[in-house]
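Trainee: Have a look at this one.
The values are calculated or read from the model by the stated rules, or taken from the named source; none is laboratory data. Computed from a prediction, not measured in an experiment: that's the story for all the values here. Counting neighbours? That spans all protein chains shown, and the Cβs are built from the backbone with ideal geometry, glycine included. In case anyone asks, the SASA skips ligands and DNA or RNA and just uses the protein heavy atoms, side chains included. Shrake-Rupley method; radii C 1.70, N 1.55, O 1.52, S 1.80 Å.
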Amino acid sequence: QTIPVHPDLVKRKPIAPAAINNSDQFPCGGITCSPLFAAKTNLRPSLMRKPGAICRRCSNINKAIICAQAIEYTLAQDLISFRSFYDSLTGSATFTIDAVIAAILKLDSLPDSVSPTYLKRATKRNVYPSIIMN
């Protein structure tokens, strides 16, 4: 069966999506979009739809800072883990980021806020994890 098409529906032009009004955009409130950070790097602040919202880049950096502080706190509290971490770093001939990641993964008491997946490289571009960039 064929469906009859009304001629007025066929001749109408598609409606373009409404342009985002610039007055509805607010600067990101995160760390990498702050004026101090943006002034010293080539990164520019992200514009958000809600006031006080944080962009993905800033939330990833915040997560990396929290994870790095948790690892630092764990190493400061547990001297046996710190010694193991230190020995695994000084035992290798070359000091690389991969050695640091491997030493962190060997910790017996990895903090709850640090997921082991945060320490793996991204396969798409083989980028180092953001937790190490802190």
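Trainee: For residues in segment 62-97 being among the charged types (D, E, K, R) and farther than 26 Å from Ser34 by Cβ, which is most open to solvent (accessible area, probe 1.4 Å)?
Mentor: The residue in question is Arg83.
Trainee: Okay, moving on. Taking segment 16-51 as the region of interest, how many residues are at pLDDT below 60 and open to solvent by 100 Å² or more (accessible area, probe 1.4 Å)?
Mentor: Result for segment 16-51: 2.
Trainee: Another one. Which numbered condition in (1) exposed (fewer than 11 other Cβ atoms within 10 Å of the Cβ); (2) of a type in the set (Asp, Glu); (3) at pLDDT 80 or above is the only one that Asp108 fails?
Mentor: Among (1) exposed (fewer than 11 other Cβ atoms within 10 Å of the Cβ); (2) of a type in the set (Asp, Glu); (3) at pLDDT 80 or above, Asp108 violates only (3).
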